[in-house]
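What follows draws every value from the coordinates through simple rules; no lab data is involved. Source: prediction; values computed, not measured. All Cβ positions, even for glycine, are placed from backbone atoms using ideal geometry, and neighbour counts span all protein chains on display.
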Amino acid sequence: MKRIKKLMKYIAITIVTVLVIALFFPTWTPNIKGDNSISTLEQVEINGSGHEIMIRGNDKDNPVIIVVHGGPGAPEIPYATKYADLLEANFTIVNYDQRASGKSYHFFEDYSTLSTDLLVDDLLALTEYISERLEKEKVILMGHSSGTYIGIQAAYKSPEKYEAYIGIGQMGETKESEIESLKYSISQAQKAGNADDVLDLQGLTEQIKNGDTVTPRNYVMKYGGAVRLIDNPDGDNIGVLLSSEYNLLDVIRYNYGMGYSQEKLLSDLLENPIPTIVTKLEIPLYFVMGKYDYMTSSNAAKKYFDVIEAEHKEFISFEKSAHYPQFEEKEKFNEWMLDTFINKNK
């Protein structure tokens, strides 16, 4: 009996030790070799709040891209290096965890004023910081998913800061997009013979048509409206934990931040669709959409594209992808980026 108690004590101590190490294990981003390369992961105060910023690229003299993640509250830092390796050869890429998201979520900070307007202000302040730090007059702004709601507003407010705006999984008329997501999920559930899913989704029809809620993302993901060619990267706690950029404490912050951000921000997205806010851009505009995207409907994005005015605009469809064309078809996306921003200047 004493031996069993002693063994249990050792096991308990080992578990606690492992948890403490996992909670506070140092984080980093892999080094990029080169005299003028940059690979840094750090906390920087932006607009009065600590923001986690990751900057990576083979040459700091290359054009700079600021990536605005979606969610709301779903940072891409934990898996950015996996999918952006090709881009890093010709661009310097800045990923950041938005206020109250991921490593930028601070347990004792007051987020009662969190809003999409505040996130736009944060992005503008971040742009100024990055432009000064990397000595760039203008940068390329790339929004993804709900990050397009933030990114396109920043481009609209301060076009002088940006060379171009790229909306990947661009949001359009929110209610229309959600109704399409719902219809798609129901039809796929019916084809799969999942009657319980059909009933569950049909029960949400009135709420979604009224703009009170969104189609549950677990169903959109389940039926192929999120990813086709890769595993879904968002919400993968194990994958996040195994990245060098996040430890266990960061995973906890990731989940707290996502829940809080969605509670605070989804109403903005539903009640104030982006086509009613931004009707014109004074810089080149590119919408990059996966054909099978039912997280942010490709059809709704195309309708928005058709009416928005811009100095130059292009709608680029990726025929094999869903919501993550920049990751699902990263070779094609890299080629498009090179043709659009590098080769044209040669």
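The magnitude of the dipole of the chain, with charges of +1 and -1 set on the Cβ of Lys/Arg and Asp/Glu and taken from the Cα centre, is near 1460 debye.
The Cα atoms of the chain define a convex hull whose projected area, averaged across directions, is 21.0 nm².
DSSP assigns beta bridges within the stretch 246-343; of those with both partners inside it, close to 0 percent run antiparallel. Charge tally for Y256 (other residues, Cβ to Cβ under 13 Å; Lys, Arg +1; Asp, Glu -1): -1.
What ranking do H51, H69 get, fewest neighbouring Cβ atoms within 10 angstrom at the top? Mind showing how you got there, number by number?
Numbers: H51 22, H69 25.
Starting with the residue having the fewest Cβ neighbours, the order is H51, H69.
Residue separation of S37 and A192 scaled by 0.36 nm, minus their Cα-Cα distance, works out to 50.9 nm of gained length.
What the phi angles of the stretch 205-211 give under the Karplus curve with 6.51, -1.76 and 1.60, with θ = phi - 60°, is a coupling list of 4, 5, 4, 5, 5, 7, x Hz, glycine and proline written as x.
Taking H placed 1.01 Å from N in the peptide plane, check which residues at least 5 places from I46 or on another chain put their amide H under 5 Å from its amide H. Residues meeting the criterion, in which the H sits 1.01 Å from N, are H51.
The mean of 1/r over all pairs of different alpha-carbon atoms in the stretch 62-122, once inverted, gives a Kirkwood hydrodynamic radius of 12.9 Å.
Where in the stretch 166-196 does the amide nitrogen come within less than 19 Å of the point 7 Å from the Cα of Q202, taken along Cα to Cβ? Answer for this model: 179-196. Under the simplified labelling scheme, the E132-N47 pair shows an inter-label distance of 1.6 nm, with each label point 7 Å from Cα along Cα→Cβ. DSSP beta bridges in the chain, what fraction antiparallel, as a percent rounded to 5? Bridges in the chain that DSSP calls antiparallel: roughly 35 percent. Taking a point 7 Å out from the Cα of F107 in the direction of its Cβ, the residues of the stretch 224-252 whose backbone N falls within less than 11 Å of it are 249-250, 252. The alpha carbon gyration tensor of the stretch 146-252 gives principal lengths a ≥ b ≥ c with a/c of 1.5 or higher and a/b no greater than b/c, which makes the shape oblate. Cross-link pairs exceeding 18 Å in C-alpha to C-alpha distance, out of K183/K332; K209/K291; K175/K303; K157/K280; K291/K330, comprise K183/K332; K209/K291.
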